[in-house]
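Only one structure is covered here, and it is reproduced in the block below.
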Amino acid sequence: MKKLFIKTYGCQMNVYDSARMADLLAPLGYAPADAVEDADLVILNTCHIREKAAEKVYSELGRLRDLKAARTDKPLLIAVAGCVAQAEGGEIIARERAVDIVVGPQAYHRLPEMIARIARGQGHALETDFPAQDKFDSLPDESAAAGVSAFLTVQEGCDKFCTFCVVPYTRGPEYSRPVAQIEAEARRLVDKGAREITLLGQNVNAYSGAGPDGADWSLAKLLHALAKVDGLARLRYTTSHPRDMGEDLIAAHGSLEKLMPYLHLPVQSGSDKVLATMNRGHTRDDYLRLVERVRSARADIALSSDFITGFPGESDADFEDTLALVREVGFAQAFSFQYSARPGTPAASAARQIPDDVKHERLLALQVLLARQQSEFNAACAGRMMNVLFEKPGRKPGQIVGRSPYLQPVHVDGAGSLIGEIRAVRIEAVMSNSLKGAFVDARESMAAR
């Protein structure tokens, strides 16, 4: 039995891809390793979105090179997968000769063949094209237990070409999996213990997969179909683009009980000038009217978003527009980053790059506002009753942890046998990053949402 260690960087889609790579390699005799030192094969499943992503990968490769050189008992294969692999390609092998395999996110179904190529002594293996063959048709069924909450990729790639983003170049054009394939995977996940499934896609609400009726289905229609899967209690999806929030998807938030009242809807900036420079395809007013329609469909929905500060050409007035939008919308949670150039993207060579100290100062100001809004949202949950899906034991003996409909961690004193169950909980205390609650009786639980 050989050992496999996968280090995953970045988004939920990489988490999903890492699990599928493990499924793919299990028939070759690879079992999970607890530590990199125990592994026969190490895969770095990389992300190119965050700052200095490639440098972090090369730093990790340096440590793996030393480990590989020190091995005397068995060889070590090193693979780089994911978006940095796609972006850097053969340069990774040129810079770090200890790397055996470089495989992009659309070609990892070829890993068994690539490993066989290495075993035959054919040198390094490189696959960074976008094969016409659907990789999902080549993947085996999931072998590992799904867990209470599971990810399911339904859409990949992006056709939006925001000027700051590498995704269209590393993940390719938008592709939607067929409905039947997704439904079958969802049922398998539920059979393995999943009670909640989060549908994933770079632009998940651009989903347009082939339905069993021969027509292309929207994400809303897919959600309605998945809501009928026996044993599946909750549905979520991420990440959305404002341009793809169709009226049927907005309506689904009001009509689908299993669709949780939490929506991640990245806006990136509150300035029309910056949004145009980013090629986002929507204006500030478009976003605000969209938020109004979503809240009309489901009044208790919580909103999350993404923000970039210090985008090329962003003025003080532009940044104030972003702060004003945040104040107007009110977010339960948000992710914010200062702009960092991605090689090959239009924004990287744009004029009027913002000094790092200005980007950082704006980021801190934005994060203070976002943190205050998150704290206010959490504080408003005190005293409320919520249905909580319990996922795992807590850090303290006799404690279990679950998620509220708004994705907040909730700690309750209870038996581990309740993991996988949904129970009504009254929120008694609000911590910095979680909520504390207590079970309510059956009569009170009727009022919980």
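Scan the stretch 161-175 and report the pairs whose first residue is closer than 12 Å to His48 by Cβ and without any contact (Cβ under 8 Å) to a residue 40 or more places away in the chain and whose second residue is open to solvent by less than 20 Å² (accessible area, probe 1.4 Å) and assigned to a loop (DSSP other than H, G, I, E, B), with Cβ atoms within less than 7 Å and a gap of 6+ or a chain change.
Pro168/Cys158
Kindly indicate which of Arg449, Arg423, Arg443 is of a type in the set (Lys, Arg), at pLDDT below 95 and either in a strand (DSSP E or B) or closer than 25 Å to Ala334 by Cβ (or both).
Arg449
Show the residue pairs meeting these rules: Cβ distance below 6 Å; 6+ apart or different chains; first residue within the stretch 361-376 and within 13 Å of Leu323 (Cβ to Cβ); second residue assigned to a helix (DSSP H, G or I).
These pairs meet every condition: Arg362/Phe319; Leu369/Val326.
Being open to solvent by 20 Å² or more (accessible area, probe 1.4 Å) and touching a helix residue (DSSP H, G or I) at 6+ places or on another chain (Cβ under 6 Å) is the filter here; which residues of the stretch 69-87 pass it?
Gln86, Ala87
Output the strands (runs of 3 or more DSSP E) that fall wholly within the stretch 325-403 and possess 1 or more residues being in contact with a Ser or Thr (Cβ under 9 Å, 6 or more places away or on another chain) and open to solvent by 60 Å² or more (accessible area, probe 1.4 Å), or say none.
Qualifying strands (runs of 3 or more DSSP E): 333-338, 399-403.
Could you please find all residues in the stretch 405-415 being at pLDDT below 95 and either closer than 20 Å to Ala302 by Cα or open to solvent by less than 50 Å² (accessible area, probe 1.4 Å) (or both)?
Listed by number, the list holds a single entry, Gly414.
Looking at the structure I just gave you, is Leu44 out of contact with any Lys or Arg (no Cβ under 8 Å at 6 or more places or on another chain), closer than 26 Å to Phe136 by Cα and of a type in the set (A, V, I, L, M, F, W, C)?
no
Which residues, counting only those in the stretch 316-331, are free of Cβ contacts under 8 Å to residues at least 12 places away in the same chain and within 20 Å of Ala350 (Cβ to Cβ)?
Asp316
Considering each residue of the stretch 369-427, count those that are touching a Gly at 6+ places or on another chain (Cβ under 7 Å) and of a type in the set (Lys, Arg), and give that number.
Adding up the residues that qualify gives 1.
Criterion first (under 28 Å from Asp191 (Cβ atoms) and in contact (Cβ under 8 Å) with a residue 12 or more places away in the chain) does Glu391 satisfy it?
Considered against the rule, which asks whether it is under 28 Å from Asp191 (Cβ atoms) and in contact (Cβ under 8 Å) with a residue 12 or more places away in the chain, Glu391 comes out as yes.
Out of the residues in the stretch 175-197 that are surrounded by 21 or more Cβ atoms within 10 Å (Cβ to Cβ) and among the β-branched types (Val, Ile, Thr), which is nearest to Leu407 (Cα to Cα)?
Of everything passing the filter in the stretch 175-197, Ile197 is nearest to Leu407 (Cα to Cα).
Could you list all residues from the stretch 256-282 that are surrounded by fewer than 16 Cβ atoms within 10 Å (Cβ to Cβ) and free of Cβ contacts under 8 Å to residues at least 40 places away in the same chain?
Glu257, Ala276
Taking Leu200 and the conditions (1) free of Cβ contacts under 8 Å to residues at least 12 places away in the same chain; (2) open to solvent by less than 10 Å² (accessible area, probe 1.4 Å), which numbered condition does it fall short on, given that it satisfies the others?
Result: Leu200 passes all but (1).
Look at Ala54 and say whether it is under 27 Å from Phe307 (Cβ atoms), of a type in the set (A, V, I, L, M, F, W, C) and surrounded by 13 or more Cβ atoms within 10 Å (Cβ to Cβ).
Yes, satisfied.
Looking at Thr239 and the list (1) closer than 18 Å to His264 by Cβ; (2) open to solvent by 30 Å² or more (accessible area, probe 1.4 Å); (3) touching a Ser or Thr at 6+ places or on another chain (Cβ under 7 Å), which single condition is not satisfied?
(3)
Could you look through the stretch 149-171, keep only residues that are assigned to a loop (DSSP other than H, G, I, E, B) and over 17 Å from the mean Cα position of the chain (by Cα), and pick out the one that is surrounded by the fewest Cβ atoms within 10 Å (Cβ to Cβ)?
Asp159
Name the single residue, out of those in the stretch 283-315 being within 21 Å of Leu249 (Cβ to Cβ), touching a residue at least 40 places away in the same chain (Cβ under 8 Å) and hydrophobic (A, V, I, L, M, F, W, C), that is surrounded by the fewest Cβ atoms within 10 Å (Cβ to Cβ).
The qualifying residue surrounded by the fewest Cβ atoms within 10 Å (Cβ to Cβ) is Leu288.
I need the full set of residues from the stretch 104-139 which are over 15 Å from Thr153 (Cα atoms), in a loop (DSSP other than H, G, I, E, B) and in contact (Cβ under 8 Å) with a residue 60 or more places away in the chain, in order please.
Passing the criteria: only Gly104.
The values are calculated or read from the model by the stated rules, or taken from the named source; none is laboratory data. What you see is a predicted model, and the numbers here were worked out from it, not measured in a lab. In this analysis, Cβ positions are derived from the backbone assuming ideal geometry, glycine residues included, and neighbour counts consider all displayed protein chains. Surface accessibility is based on the protein's heavy atoms, side chains included, excluding ligands, DNA and RNA. Shrake-Rupley method; radii C 1.70, N 1.55, O 1.52, S 1.80 Å.
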